[in-house]
Every structure is written in structure tokens, then in C-alpha cells.
Amino acid sequence: MTTKDMLSLWHDFKTDLICLILSGIALLFSMFAPAGLPVDPAWVAILLCGVPIIKEAVVGLVTAFDIKADVLVATALVASVIIGEDFAAGEVAFIMQLGALLEEATTARARAGIEKLMDLSPQTARFLVDGREVTAPADSVRAGDRLRVLPGETIPADGIILSGETSVDQALLTGESLPVDKHEGDEVCSGTVNRFGAFDMEATQSGENSSLQRMIRLVQSADAGKAQVVRLADRWATWIVAGAFSAALATWFVTGEIIRAVTILVVFCPCSLVLATPTAIVAAIGNLTRHGILVREGDALERLADVTTCAFDKTGTLTCGTPQVTAVRSFSPRLSEEKLYLLAAGAEQRSEHPLGRAVIRSFNGQSSAPLPAVDEFHMFPGRGVRALLGKDDVLAGSALFLEGEGILLQQEERDLAAAFVREGCTIIWVAVNGEAAGFIALSDLPRPDAAETVRALKDAGITPVLLTGDHENAARHIAGRLGIDDVHAECLPEDKLRFMDARRDKVCMIGDGINDAPALKKAHVGMAMGGMGSDIAVDAADLVLVRDGIGEVPHAFRLARRMMAAIRFNLSFSMLLNFTAILLAALGLLNPVTGALVHNAGSVAVILHSALLLKWEGKAARKRR
């Protein structure tokens, strides 16, 4: 969407908002205005809000014979005006335009996520030309160009590292919580962030074909291709309109009394039918807000009720998103595990690497012992750190780092570490005074409410699936602990999108990262982690979990199904009431005044029934309490 399109939408939104405010003021005046006014103030609402509805209904009916709820509302407006119920006509028009304005606002806000994603594109790149560094626009990068990337910069294109070592934050594409160490010959992707060391690279893709630009196109295509839900009132509108008009014409033809025909149109005035869906949705939205879930799309709960599969991202969604020390193993008889942990944490005090910071954070949370003073410190980007702690020379980093410093690891030591790697852990090897001393295992632990959430979804007949960009071992380990059988690991954004296309059932995607945005858009329902998730993921989603947890997800599914049951009841009750009133009007037992009372009573009944959803909890929630 271009800036011009955004400005046009904003202009239309402001115009509609002004019309709505003026209509609301006019209806208030109409309620309390003294009798005898030449014109009812409600005509302001009829003209500003009702005429566009009538125009849209007529255009759709004439050009495409498209009979929707708009035709019902237009008929109600005209019938109300015919019998002099100007306030009722203005009220119906105001309610419908208010709902349309809210839907327009949420749609425009969701599209803003694509603009934010575009803002992540690097603006400039450092070209290496004849040994000199030249800065130029990033969109001028072509395959074969040589580039230099400094620490903290966004990588401007897909390519291969020619020289240098670093760690790259790839959360944009894979959702991994930790930077990935990169060396000469490794691939890097545009939009990811170079954390530590500078490196030179050769571009393999032009800017328009880069990973980031492909993701932007994925989000746009997923948004455009997402099917719109047809509301229940629209599905039944054709038959209801045909039945009402047929009854009115038949009554006029048989009895010759036009008053009976007008009465039929009055009692047919579908206030209760129009209110059946929005009142239930508003009540359900209020319920979810109390449970820490914000609804961003008007029809999201209708779609959520149809979902049979729930796909989870791993990092930051099912897990806490931050690695923690889960095991310490010492090989040296002279070093206890507590002493090894202390030395490793001491060596990492000045480290900028997320793994090093995780060791410090975990140590401070698990021990009250003071860290030793650091006399000397050296950081080796992408490999590890070296620190002098009093008399102890400590190395902490990868196995390749220790071997490069002349420290050999025994096979039994590697085998012990491999057992933790198979469980999804990351290993930091530690050497003290020139000898391998042990290792520290870190892992991203499941959220406290994750297992119960998965179990509750299964009880509700919903199949949980794990979609993650993380490695197979980490994915399988977490899935096994939580009871998820269907696992898809090492997924790029396009892989998650293909999963949505391949599934015949309706999928709800729950994620928190930028890399989840295309899948959140494409899924039947997208649900984002608002507490720690990215703004772009939130903008792409239909629902947002405000609290830092997924414990309320099963409640959202149960409430959506309960809401749809309430809507079906409201619609059935409204139609039964309308057709009963039509029969009574045709027999002459109702006049326009009593007919208006009947359909107003139906509207009140529908509102009261929908209001029960505000505090609905369900049997499963009550049992847990």
C-alpha cells in the first residue's frame, strides 16, 4: 500500500467519523426534542449514515444481484421512514455505520504492519571497490558485489562471508532467540543483524530478490489471499428478504389493505437480526479483554470457532524466549560444579554475547556468591571469551575455540555434551589454566502454562502443531515435553506459509516474531504474543495476547464456539419472531404501532442474551478454579 493510498484511507476515515459524530448528536437531540418540530433531528443520521447504506444495497442488488444484510437494513430504514418512525431509522443507520467504521479502522491498522516491515530494509550498504569503501543505497546491490558489514549494522543483501568472524541475529527470518556464529564461507541473509565482528561478504542476490524483500512480498500476498468470512446474516439474507417482500405483496393483494403490508415491513424491520451478531461479538470481545486478549479484527472470533488445528511457534511462544543454565558438568577432580559455574560466570562478566549474558543472569538468580574480579578480558567474536580471574586463566566458548587454543576434548566428554545437545541445549565449554574443565548447558525452557495449554486444546478437539525455525533437536525436545506430536523444524517464513496452504483444515497460528508475520496473515486466524512479540507480528495478527503467557488461549477457543452458538440462537429467535409477527400482521392482529413494539422487544431479548457472554467462563475454566 502506497503513502497516497494510506492518506486516502485516512481522509475517508475522518469523513466517516465526522458523519458518525454528527449523527450521534442528532439522535440525542431527537430523543429529548420537544414535540412540534418541523423536522425530526434524526433525519441528520438518516441522511449521513442511512443514505450510504441504501445506496450500497441498491448498487449491489442491481449490478450483481448481491443480497446481503445491507438489503435488510435498507429495507428497515425505508419501512421505518414510511410509517414515521424517524428515530428508529436513524438509530439503525447509526449502529450499522459505527460497526463499519470500527472494522475499517482495524483493517487499516493491520496493514500498517507491512509498512513497518518495509522500514526494516537497510537504506545503505558499504561497497568495496578497488580496495576502497564506498557507501551507496542498499537497493543498488547486485549479485557479485563485495560488501563490508560492521558490528551493529543490518546486513544489506543475501551473500557469503569472504573474511571475518561474527555472530548474526537471525530472529527476523528464523525466530531463533540466540545469534548464530558465522565464519568464512557461511551464508548470511538480508535484514538480519550483525552483532559483533566486522566481515566482508559477496552478495548472491540483488536487493529486490533478498530474503527480507521476499518476506515483505509473502506478507502482502498472504494478506491479499486471505478469504473473507461471510456472516451468517448475509448467508440467510436472500431468503429472508424474499420471504418478507412476498408476504407483504401477497397480503396487500389478498386483503387490499396497504396498512397490513406496511405493518409486515415494520415487524420485518430486522433490528434484532442485525443486532444478533454484533452484540454477541462485542460481549465476547469484552470477555476476552478481561482475560488479557485483544481482538483486532471484527470477524476473528467467527473464524476462530471454525479452527481445528493450532500451530505454535516455539521460541517466545511455547518457551520463555531467553536461555537459562540447566546443567553444569565438571571434568576436573579439583573443580566442583559450583566452582566451575563461578569461574565461567566470572569470565563472562564483560561479554556482550547473549549466551554470556544468560550465564550471568542465571548465576545471579541461582547463587548469592560474589563474582571474582576480572584482571584481563578478551572477546573473540563468534568463538568465545578469555579472562584472567586472579590466578585462574579461564576460557569459555565453543569446542572449536578451545581446540584452537590447544586444549583437546576427550571423546567421553564430547559424548556427555552430545546428550544435552540432543535435548535441545546449547553448550559452553570451559577450560581453566590450560585444561578442559567442563561445560555449561543452556536451554530455552517451556513456559509454565505451555503444557496445560496444549492439554486443554487437545481436550477441546484441537490438534496442536509445532512450527519453528529452530533446530530439529530443540524442537523435538520441547514438543516431547509438551505433548505435541506434529513437529516441523528449521522452518523459514515461506515454509510456514506453505504449511498454511497445504492444510485442508482451518489453522490458527500463534507466534511472536517478525518471521511469523506471513503465517499470521495467511492463517485462518492469527494470534500474536503482545507482551514480548514484535510490533510487526502484532500488526499481522487478528488477536493479541497482552499478558506474557498462553494460558488463556483455550478460553478464547471455547468462548468463540460459545459465541457462535449464541449468534445462531439469536438469529433463529429473531427470524422466528419476525415470521410470527408477519403472520399476525397479515391476519390484521398487529398494527404498525404494536408491530414496532414487538420488534423492539425482540431486539432487547437479543441484547440480553448476548450480554451473558460478558462473564462466561465455561465448565473447563470453572473446574480449574
One residue is enough: does the stretch 550-563 have a residue meeting the conditions modelled with pLDDT of 85 or more, buried (at least 21 other Cβ atoms within 10 Å of the Cβ), touching a Ser or Thr at 6+ places or on another chain (Cβ under 6 Å) and assigned to a loop (DSSP other than H, G, I, E, B)?
yes
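Check whether at least one residue in the stretch 271-288 is among the polar types (S, T, N, Q), in contact with a His (Cβ under 7 Å, 6 or more places away or on another chain) and more than 30 Å from Ala474 (Cα to Cα), and report yes or no. So that I can check it myself, show each step before the final result.
Narrowing the stretch 271-288 to residues among the polar types (S, T, N, Q): 272, 277, 279, 287.
Filter again for in contact with a His (Cβ under 7 Å, 6 or more places away or on another chain), leaving 272.
Among the residues that remain, those that are also more than 30 Å from Ala474 (Cα to Cα) are: 272.
Among the residues of the stretch 271-288, at least one is among the polar types (S, T, N, Q), in contact with a His (Cβ under 7 Å, 6 or more places away or on another chain) and more than 30 Å from Ala474 (Cα to Cα), which makes the answer yes.
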Residues in the stretch 470-507 that are touching a residue at least 24 places away in the same chain (Cβ under 8 Å) and more than 30 Å from Ser210 (Cβ to Cβ) total 9
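Just give me the residues in the stretch 499-521 being more than 20 Å from Thr315 (Cα to Cα) and either out of contact with any strand residue (DSSP E or B) (no Cβ under 8 Å at 6 or more places or on another chain) or not charged (D, E, K, R) (or both), in sequence order.
Quick first cut of the stretch 499-521, residues more than 20 Å from Thr315 (Cα to Cα) only: 501-506.
Within the stretch 499-521, Asp501, Ala502, Arg504 qualify.
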task: Scan the stretch 338-356 and give yes if some residue there is touching a residue at least 60 places away in the same chain (Cβ under 8 Å), closer than 23 Å to Asp415 by Cα, among the small types (Gly, Ala, Ser) and touching a helix residue (DSSP H, G or I) at 6+ places or on another chain (Cβ under 7 Å), otherwise no.
output: yes
Given the structure, is Asn473 crowded, with 21+ Cβ neighbours inside 10 Å, at pLDDT below 85 and within 22 Å of Gly424 (Cβ to Cβ)? no
Listed by range, helices (runs of 4 or more DSSP H) wholly within the stretch 195-314 having at least 1 residues that are crowded, with 17+ Cβ neighbours inside 10 Å, modelled with pLDDT under 80 and not polar (S, T, N, Q) are 211-225, 232-255, 258-268, 271-290
With the first residue restricted to the stretch 26-52 and required to be free of Cβ contacts under 8 Å to residues at least 12 places away in the same chain, and the second required to be not in a helix (DSSP H, G or I), Cβ contacts under 6 Å at 6 or more apart or on different chains are Ala33/Pro41
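Across the stretch 337-358, what is the total count of residues that are closer than 17 Å to Pro372 by Cα and in contact with a Leu (Cβ under 9 Å, 6 or more places away or on another chain)? Break it down into steps so the answer makes sense when it comes.
Filtering the stretch 337-358 for residues closer than 17 Å to Pro372 by Cα gives 337-351, 356-357.
Still in the running and in contact with a Leu (Cβ under 9 Å, 6 or more places away or on another chain): 342-343, 345-349.
Qualifying residue count for the region: 7.
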Going through (1) at pLDDT 80 or above; (2) closer than 30 Å to Val254 by Cα one by one, Leu614 fails only at (2)
If you go through Arg334, Arg329, the only one that is assigned to a strand (DSSP E or B) and either crowded, with 20+ Cβ neighbours inside 10 Å or not assigned by TED's automatic domain parsing to the domain that holds Ile478 (or both) is Arg329
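Picking from Glu494, Glu452, which residue would you name as being among the acidic types (Asp, Glu), modelled with pLDDT of 90 or more and under 22 Å from Gly511 (Cβ atoms)? If you could, list the steps in order and put the result at the bottom.
Working: Glu494 fails: modelled with pLDDT of 90 or more.
Just one listed residue meets the conditions, Glu452.
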Q) With respect to Ala387, is the statement that it is touching a residue at least 12 places away in the same chain (Cβ under 8 Å), more than 30 Å from Glu552 (Cβ to Cβ), buried (at least 16 other Cβ atoms within 10 Å of the Cβ) and aliphatic (A, V, I, L, M) true? A) yes
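The values are calculated or read from the model by the stated rules, or taken from the named source; none is laboratory data. Note that the structure is a prediction, hence the values are computed from the model and not measured. So basically every Cβ, Gly included, is an ideal-geometry build from the backbone, and we count neighbours across all protein chains shown.
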